[in-house]
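Asks: Sharing a structure, written as structure tokens. Questions coming.
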Amino acid sequence: MFDFLKSNRLFSFLNKGSYLGVDIGTTSIKVAEVLKGGAKPKLRNYGVLESYGHLERLNNAIQTAGLKIMDKDAAKMLKTLLDQSKVKSKDVIASIPAFSAFITLLEIPQMSSADTVKTLPFQITQHIPLPVSEVAIDWMKVGEKEDEGGAVKQQVLIVSVPNEQISHYKSIFKMVGLNLVALEVESLSLARALVGNDQTPTIIADIGSHATNIVVVEKGFVKSNSQTDFAGTSLTQAISGGLNINVRRAEQLKKQKGLLGGTGEYELSTLTIPFIDAIISEVRRARDNFEKSQGIKIERAILAGGGANLLGIEKYFEKDLGLPAVIGNAFSRVDYPSKIEPMVKILGPSFAVAVGLAIKEFI
């Protein structure tokens, strides 16, 4: 489930030996090409192309939280990336940003699958902000919960995506000559790549350029999803303004020094910590809401996205949240060439969505 191109599904996934996961973010495009392997899928290729214009102007982003994606710009960047990385796969599974989807966890009485299918349309209309005619909707049973009266209810995750957004993605991949076989909300790809079948209740903070996606995963299923606009660019702009330097230099300093501090111009913590605290505050809110509503304790935090490469960030999260916090490594789910081993620690958190997409049909 959660494939918003169902009309293609029957033939698109038939005996395919490889897939290309494509993660079109707000300021970069990442691809991961994965083959069917033995114990694990095999990584054949990967690539990333970043646009730095967003550091100066938000409207230079590839797409924004206003549900707008720049088709021609994204297609041009994707074509450049494909040419440079020399990927061979033509069958694509692409991600839709969480801020472009509406995700809700419903609790309804236990009933047969057939009755659930009949009941859900009446429930769904109450939980999406757009008319049903304007969105594609999918759902999946993700667990059960006993209420205060002892009755067991089924938990159903509802995901809806505007039809307009789906059309944009179809247009982009048609422009570059790729076969778009499935679309998936990035939160599901993150969970697949970073948690998999691990039963540990986990909260993921995917710190991107313009947004941080916060995902709660329990027993391998996404149970909660929220976002905040505090993210990597917030930190860069704070450094730029505080030190009166251009944003390119600020971005370099952020990556070099992180939260570890230093002397002179490298004392960045006083500038960046307030924004890190804002992200943690939203993560804490998501954790507390989940624990209160579900009666289940979150046991760990996983950090992903480009912001997870900020030096010292996992220790800061761990101390502030009171939870074990680790940097996610999507490449732990695949066999990869030994030559990229030195890069895995850096690439692991950033490629979580792309890898999660590419292994969708192999895991």
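Asks: Sort through 222, 217, 161 and tell me the only one that's part of a strand (DSSP E or B), touching a helix residue (DSSP H, G or I) at 6+ places or on another chain (Cβ under 8 Å) and either without any contact (Cβ under 8 Å) to a residue 60 or more places away in the chain or surrounded by fewer than 18 Cβ atoms within 10 Å (Cβ to Cβ) (or both). Lay out the reasoning, then the answer.
Replies: Working: 222 fails: either without any contact (Cβ under 8 Å) to a residue 60 or more places away in the chain or surrounded by fewer than 18 Cβ atoms within 10 Å (Cβ to Cβ) (or both); 161 fails: either without any contact (Cβ under 8 Å) to a residue 60 or more places away in the chain or surrounded by fewer than 18 Cβ atoms within 10 Å (Cβ to Cβ) (or both).
Just a single option satisfies the conditions, and that option is 217.
Asks: Could you pull out the residue among 154, 126 that is outside any helix (DSSP H, G or I), crowded, with 16+ Cβ neighbours inside 10 Å and not assigned by TED's automatic domain parsing to the domain that holds residue 51?
Replies: Details: 126 fails: crowded, with 16+ Cβ neighbours inside 10 Å.
Testing whether each residue is outside any helix (DSSP H, G or I), crowded, with 16+ Cβ neighbours inside 10 Å and not assigned by TED's automatic domain parsing to the domain that holds residue 51 leaves just 154.
Asks: Conditions: (1) surrounded by 12 or more Cβ atoms within 10 Å (Cβ to Cβ); (2) in a helix (DSSP H, G or I). Residue 117 meets all but one. Number of the miss?
Replies: (1)
Asks: Name every residue in the range 315-327 that is assigned to a helix (DSSP H, G or I) and touching a helix residue (DSSP H, G or I) at 6+ places or on another chain (Cβ under 7 Å), in order of residue number. So that I can check it myself, show each step before the final result.
Replies: Initial filter on the range 315-327 (assigned to a helix (DSSP H, G or I)): 315-321.
If the condition is that a residue be assigned to a helix (DSSP H, G or I) and touching a helix residue (DSSP H, G or I) at 6+ places or on another chain (Cβ under 7 Å), then 316, 317, 320, 321 are the ones that fit.
Asks: Next question. Give all pairs with beta carbons closer than 9 Å in which a residue from the range 325-348 that is in contact (Cβ under 8 Å) with a residue 24 or more places away in the chain and hydroxyl-bearing (Ser, Thr, Tyr) meets a residue that is surrounded by 12 or more Cβ atoms within 10 Å (Cβ to Cβ) and in a helix (DSSP H, G or I); count only pairs at least 6 apart in sequence or on separate chains.
Replies: Listed by first residue and then by second, the contacts come to 336/344.
Asks: Before we move on, is residue 165 polar (S, T, N, Q), out of contact with any Phe, Trp or Tyr (no Cβ under 7 Å at 6 or more places or on another chain) and farther than 30 Å from residue 80 by Cβ? Please lay out each step first, then the result.
Replies: On the way: polar (S, T, N, Q): yes; out of contact with any Phe, Trp or Tyr (no Cβ under 7 Å at 6 or more places or on another chain): yes; farther than 30 Å from residue 80 by Cβ: no.
No, not satisfied.
Asks: Is it the case that the range 328-340 has a residue that's among the charged types (D, E, K, R), in the same structural domain as residue 22 (by TED's automatic domain parsing) and assigned to a helix (DSSP H, G or I)? Don't jump to the end; show me each part of the working.
Replies: At the first step, the residues of the range 328-340 found to be among the charged types (D, E, K, R) are 333, 335, 339.
After this cut, where a residue has to be in the same structural domain as residue 22 (by TED's automatic domain parsing) as well, the list is 333, 335, 339.
From what is left, the residues that are assigned to a helix (DSSP H, G or I) are 333, 339.
Yes, there is a match, as at least one residue in the range 328-340 is among the charged types (D, E, K, R), in the same structural domain as residue 22 (by TED's automatic domain parsing) and assigned to a helix (DSSP H, G or I).
Asks: For the structure I just gave you, tell me whether residue 360 is assigned to a loop (DSSP other than H, G, I, E, B), within 30 Å of residue 33 (Cα to Cα) and charged (D, E, K, R).
Replies: Values: assigned to a loop (DSSP other than H, G, I, E, B): yes; within 30 Å of residue 33 (Cα to Cα): yes; charged (D, E, K, R): yes.
Answer is yes for this residue.
The values are calculated or read from the model by the stated rules, or taken from the named source; none is laboratory data. Just so it is clear, the model here is predicted, and its values are computed rather than measured. Cβ: placed from backbone, ideal geometry, glycine included. Neighbour counts: every protein chain shown.
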